[in-house]
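Below is one structure, written out as structure tokens; comments come after it.
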Amino acid sequence: EMEERDKICGVLCRADGQALRVEEVSRYKSGLLAFGLRVLDTLVQRDVYEMFVAPVDAVAVPDYLQVISTPMDLASVREKLVAGEYANSIAALRSDIDLIWRNCKQYNARGSMYYSAANRMQKLTAKLFEQQQELFVEKS
């Protein structure tokens, strides 16, 4: 039991450094799932040209995987979220979403519609995570 607590405490700790109790972990995980789905729904709605909803088509864009080593898209993030792969970390969820925008900006020229769209989505992501941060801060 201590080993399990130590394993999750690095990620799921209260401000005082104590590990979250089992019911707190459960509440955190379900809160993270609900939050993640809300964020993804909002991002998909705002992705009017559907640039980011699915993996980049490597046939249509043959050099993409030579330039981008870790592809990411909103559907893949949703799959990982629902599978519980972000269960202990809002930071990991944010990192994968931000990877979508970084990849787009790395591959596409500054000033292109893709680059501009990635910039807009990156700003929206930051705003969505800022607004919801209080969900994951231990109330005293």
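The values are calculated or read from the model by the stated rules, or taken from the named source; none is laboratory data. None of the values given here were measured: they were computed from a predicted structure. Glycine also receives a Cβ, built like all others from the backbone with ideal geometry; neighbour counts cover every protein chain displayed. Note: areas computed on protein heavy atoms with side chains; ligands, DNA, RNA excluded. Shrake-Rupley method; radii C 1.70, N 1.55, O 1.52, S 1.80 Å.
Table for the structure above
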read-out	value
Single condition A92 does not satisfy, out of (1) assigned to a helix (DSSP H, G or I); (2) in contact with a Lys or Arg (Cβ under 8 Å, 6 or more places away or on another chain); (3) not aromatic (F, W, Y)	(2)
From the options Q131, Q66, Q106, Q122, residue that is at pLDDT below 95 and either out of contact with any Ser or Thr (no Cβ under 8 Å at 6 or more places or on another chain) or closer than 21 Å to S26 by Cβ (or both)	Q131
Segment 93-129: number of residues that are open to solvent by 40 Å² or more (accessible area, probe 1.4 Å) and either over 14 Å from R46 (Cα atoms) or not basic (K, R) (or both)	14
Cross-chain or 6+ apart pairs with Cβ under 8 Å, segment 77-89 first and at pLDDT below 90 and buried (at least 17 other Cβ atoms within 10 Å of the Cβ), then assigned to a loop (DSSP other than H, G, I, E, B) and among the aliphatic types (A, V, I, L, M)	N88/V11; N88/L12
The one condition in (1) touching a helix residue (DSSP H, G or I) at 6+ places or on another chain (Cβ under 7 Å); (2) under 20 Å from R38 (Cα atoms); (3) modelled with pLDDT under 95 that A58 fails to fulfil	(2)
